[in-house]
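The values are calculated or read from the model by the stated rules, or taken from the named source; none is laboratory data. Computed from a predicted structure; not experimentally measured. Every residue, glycine among them, receives a Cβ derived from its backbone with ideal geometry; neighbour counts consider all protein chains shown. With ligands, DNA and RNA removed, areas are computed over all heavy atoms of the protein, side chains included. Shrake-Rupley method; radii C 1.70, N 1.55, O 1.52, S 1.80 Å.
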Amino acid sequence: MNTEIVKIEIDNDSVSASALGEKGAEIFTDEDKAIIRHAGEIIKNGGLVAFPTETVYGLGGDALNPESSKKIYAAKGRPSDNPLIVHIAEFDAIRKITSEVPENAVKLANAFWPGPLTMILPKSDAVPKETTGGLDTVAVRFPSDLVAQEFIRAAGGYVAAPSANISGRPSPTEAKYVIQDMDGRIDMIIDGGENEIGLESTIVDLTINPPQVLRPGFITNEMLSDVLEEKVETDRAIIEADSGIAPRAPGMKYRHYAPQGTLTIIEGKREDVVAEINRRLAQDKAEGFRTGVIASDETIGEYCADVLKSSGKAGDQFVAAHRLYSILRSFDDENAERMYSESFALDGFGAAIMNRLLKAAGHQIIKI
Ligand code: TXA
Ligand code: MG
């Protein structure tokens, strides 16, 4: 299949999400609008288009067309019991795809939509089981990225989209990674530059009481608890990897985001971590392995690895999240075989960073 690759670069930051509406029309050039209309037609005709969002790139198809969802699973090489998120571009669209919109969904939408939050709700008959991996619930998200919104509208309002990576690889945060994984497998890729956040949306399950976070993200448990006025906790199955409980988000059970070599997280006092990683690097090198390290700006000068990457200033969670997947992919591109990462604090957005890093490391963490 010949994949069309097109570029639309607008400055999402210059337009506040709330100023959308009428302004939406002015942000795009006529050429951009023609591209997005064309992308929308592809979706309406049952094709697949990768598009930018504020979290990671999505691989979009018509959420209400079972054949489109089947094509998404095939393009990603993804097991078909792993449900897709339905992306909408206005709150009211939620009514067609759900059988009930609880008060909590309205509260969370008012607080966080458009934005990096996905809600699990009971599905309506309009959503085929192919889209929800056979479940009676549907995941719904209203992204804040303006290209995403315009595209969803052009596509008819309901776009099923997993992250646009081959199943098991890190989610793509730049179009070049989408091209690496999807060129030749889908109809079109819209290059909208680097994604702002770089980790997938927070998923909150509103079909259970109290609501539960199934995947941590930029919207934290504290932020959700504040709005819902009750304590929201994370699905235990994803915190205790060895608990043997199945995660409520089917996708969280798969090994994910993993680089091709082995990744080990070393946690402890800064100088101890540096010494321990260097000790391991020396040993790996002696055995002939190519090595890699995820350090911080403060420690990067202290390591002797073949591939050295900084996750930014220590403590800057936003930068660390933004860079994580591209660092993991660059380890593969540069053929690193033995990799180490410093650990990150678990507060705030850190819970999401550590969740993805632990998955990438197959939960290999050494506390010293
Ligand atoms: O930020 C994001 O959410 C990105 C962008 C493209 O919007 N999308 C994304 O989709 O991360 P995906 O398919 O890579 O991850 C969706 C996760 C999977 O773990 C899946 O199992 C879970 O959401 N999920 C989807 N529908 C669900 C449902 N009805 N119940 C429980 N979990 C669900
Ligand atoms: Mg994914």
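In this simple spin-label model, placing a label point 7 Å from the Cα along the Cα-to-Cβ direction at both residue 233 and residue 180 gives a separation of 3.8 nm.
Using a cut-off of 12 Å between beta-carbons, work out the net charge of the residues near residue 225 (Lys and Arg +1, Asp and Glu -1, residue 225 not included). Before the final figure, lay out the partial values.
Numbers: positive: 107, 231; negative: 222, 226, 229, 230, 233.
Once all neighbours under 12 Å are counted, the net charge is -3.
Normalised per residue, the accessible area of region 237-368 is 45 Å², obtained with a 1.4 Å probe and no contribution from ligands, DNA or RNA.
Summed over qualifying helices (DSSP H, 4 residues or more, each -39500 (n - 2.57)) and divided by its residue number, the chain shows a 222 nm mean residue ellipticity of -10000 deg cm²/dmol. Distance between the modelled labels on residue 365 and residue 272, one decimal in nanometres: 1.5 nm (7 Å Cα→Cβ projection). Taking the square roots of five times each eigenvalue of the Cα gyration tensor of region 322-368, the equivalent ellipsoid has semi-axes of 19, 14, 8 Å, listed largest first. Counting only protein heavy atoms and a 1.4 Å probe, tell me what percentage of region 246-368's accessible area is made up of carbon and sulfur. Accessible surface attributable to carbon and sulfur in region 246-368 totals 50 percent.
Classify the chain: rounded, prolate or oblate, from the alpha-carbon gyration tensor (a ≥ b ≥ c, eigenvalue square roots; a/c under 1.5 rounded; otherwise prolate if a/b is larger than b/c)? In terms of gyration-tensor shape, prolate.
Average projection, convex hull of the Cα set of region 46-133: 5.6 square nanometres. For the Cα atoms of the chain, what angle does the longest principal axis make with the long axis of helix 350-360, in degrees from 0 to 90, nearest 10? Here the helix axis deviates by roughly 70 degrees.
Here is the P(r) of region 160-272: all C-alpha pair distances, binned every 10 Å from 0, give 11, 32, 33, 21, 3 in whole percents. Here is the list for region 178-281: chymotrypsin sites (Phe, Trp or Tyr not before Pro) lying in DSSP coil, each with at most 15 other C-beta atoms within 10 angstrom of its C-beta, are 254. When the C-alpha to C-alpha distance is required to be over 30 Å, the pairs from 269/309; 7/44; 33/176; 96/359 that qualify are 96/359.
For the ranges 303-315, 133-145, what's the packing order if you count other beta-carbon atoms within 10 Å of each residue, average per peptide, and put the highest first? Kindly include the intermediate steps, with their values, before the conclusion.
Details: 303-315: 17.4, 133-145: 22.1.
Answer by packing, highest mean first, reads 133-145, 303-315.
Within region 138-164, find all residues whose amide N lies under 19 Å from a label point positioned 7 Å from the Cα of residue 124 along Cα-to-beta-carbon. Zone members listed by number: 138-143, 152-161.
In the context of the full protein assembly, residue 33 retains an accessible surface of approximately 60 Å², using a probe radius of 1.4 Å and ignoring ligands and nucleic acids.
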